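Each remark here refers to the structure printed beneath this line.
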Amino acid sequence: MKKSDLVLTLPQRLLLLGCVFVICYLITAGLMYVLTRLLSGNALGAVRIAAVLQDVLMFIIPALVTALLVTRRPAQLLCLLRTPSLGAILGVGALLLVSIPVQEAVIYWNANISLPDSLHRLEEMARHYEDAAGEAMSMLMQGTSAGTLVVNILVVGIFAGFSEELLFRGCFQRLLTTGGVNAHVAVWTVAFFFSAMHFQLFGFVPRLLLGAYFGYLLLWTRSLWVPVTAHVLNNILYTVTAWYGVRRHGIEALDASPELWSPALTVASAVVTAVILWLLWCRRTEACGTH
């Protein structure tokens, strides 16, 4: 995009995004409070509706409103126009599967971090947030019927994956790169906020790396649909795995601690993951927002 396609300075654009996000957050909080009162006898229904409301009001609307206000070409700013190549889609699908052992290793390491005694209060607070997030996810994932699986795939897999990518990579990252920020700085800055907004310290690093991966997919392909596909597939894999675990072992399966794969498989996973990332990089096109 040309500079003439955009209005406002970069700080003003980011301030606009932040203000719209805060307003939408407050509206979401109010609606969720009313929702929990109205559906006090249907906790599962309230959680599902709240998840959809959050995706629409906190992620989709801020991204769209900001894009519409800062440019006459919002779809191009958000990188929604380019159709992803079949090779890119196959690449992200293959990477998701082969990277499972190395992902589990990172998840295991982060989940078992112990903070120094001086940060004991911080660790207690972080564990509290982890438990609250786990309870909310357990509520959302309960049920073993095929209908439950379909609903969770739609809510957790597809809708959440699309809405988060639209805000973080499509809007936030693109505002930075079109504003002259170094592409790598933009990717890791957005990945940091993406992970931090989940408020889960003991899952921060895996989400940081995942967010950076999504960011580089956007840079390499110039299509938001590639990181959206990667994010949706990642969420669907978790949803199906969780549903299968609950179906076989009960709701307690969601509380299971991450387990390490064998060292040989983990190393092989890391090597193959690196190779696929290199192949995706080799297929890259001119990065979004540099012109």
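The values are calculated or read from the model by the stated rules, or taken from the named source; none is laboratory data. Remember, predicted model here, so these are calculated numbers, not experimental data. Reconstructed Cβ throughout: ideal geometry from the backbone, glycine too, with neighbour counts over all protein chains shown.
Since Q103 meets every condition but one in (1) buried (at least 19 other Cβ atoms within 10 Å of the Cβ); (2) closer than 21 Å to F159 by Cα; (3) out of contact with any Asp or Glu (no Cβ under 9 Å at 6 or more places or on another chain), which condition does it not meet?
(2)
Could you pull out the residue among L233, L218, L166, L224 that is in contact (Cβ under 8 Å) with a residue 24 or more places away in the chain, surrounded by fewer than 22 Cβ atoms within 10 Å (Cβ to Cβ) and either touching a Leu at 6+ places or on another chain (Cβ under 9 Å) or not aliphatic (A, V, I, L, M) (or both)?
Only one candidate passes the filter, namely L233.
Regarding L209, is this residue of a type in the set (A, V, I, L, M), surrounded by fewer than 19 Cβ atoms within 10 Å (Cβ to Cβ), modelled with pLDDT of 95 or more and within 15 Å of the chain's Cα centre (by Cα)?
Spelling it out, L209 is indeed of a type in the set (A, V, I, L, M), surrounded by fewer than 19 Cβ atoms within 10 Å (Cβ to Cβ), modelled with pLDDT of 95 or more and within 15 Å of the chain's Cα centre (by Cα).
Going through A186, A160 one at a time, which residue ends up being in a helix (DSSP H, G or I) and over 11 Å from the mean Cα position of the chain (by Cα)?
Criteria check complete, one pass: A186.
Confirm whether I89 is surrounded by 13 or more Cβ atoms within 10 Å (Cβ to Cβ), in a helix (DSSP H, G or I), without any contact (Cβ under 8 Å) to a residue 60 or more places away in the chain and of a type in the set (A, V, I, L, M).
Spelling it out, it is not the case that I89 is surrounded by 13 or more Cβ atoms within 10 Å (Cβ to Cβ), in a helix (DSSP H, G or I), without any contact (Cβ under 8 Å) to a residue 60 or more places away in the chain and of a type in the set (A, V, I, L, M).
Is at least one residue of segment 109-123 under 18 Å from the mean Cα position of the chain (by Cα), exposed (fewer than 15 other Cβ atoms within 10 Å of the Cβ) and at pLDDT below 90?
No, segment 109-123 has no match at all.
Out of (1) under 22 Å from M137 (Cα atoms); (2) modelled with pLDDT of 95 or more, the odd one out for F214 is which?
(1)
Considering every residue within segment 147-155, establish whether at least one is in a helix (DSSP H, G or I), under 14 Å from the mean Cα position of the chain (by Cα) and at negative phi.
So far as segment 147-155 goes, yes, one or more of its residues are in a helix (DSSP H, G or I), under 14 Å from the mean Cα position of the chain (by Cα) and at negative phi.
Which one of the conditions (1) modelled with pLDDT under 95; (2) touching a Phe, Trp or Tyr at 6+ places or on another chain (Cβ under 7 Å); (3) under 27 Å from G180 (Cβ atoms) does R82 fail to meet, given that it meets all the rest?
(2)
Go through the residues of segment 36-51 one by one and say whether even a single one is over 19 Å from the mean Cα position of the chain (by Cα), at pLDDT 95 or above, surrounded by fewer than 19 Cβ atoms within 10 Å (Cβ to Cβ) and not in a loop (DSSP other than H, G, I, E, B).
no
Does segment 165-178 include one or more residues that are out of contact with any Cys (no Cβ under 7 Å at 6 or more places or on another chain) and small (G, A, S)?
Looking through segment 165-178, none of the residues is out of contact with any Cys (no Cβ under 7 Å at 6 or more places or on another chain) and small (G, A, S).
Would you say T239 is over 30 Å from G180 (Cα atoms), part of a helix (DSSP H, G or I) and modelled with pLDDT of 95 or more?
no
Surrounded by 18 or more Cβ atoms within 10 Å (Cβ to Cβ), touching a residue at least 24 places away in the same chain (Cβ under 8 Å) and under 20 Å from L233 (Cβ atoms): is that true of V151 in this structure?
no
Look at segment 1-35 and say how many of its residues are closer than 30 Å to S223 by Cα, assigned to a helix (DSSP H, G or I) and at pLDDT below 90.
Residues that pass the stated criteria total 3.
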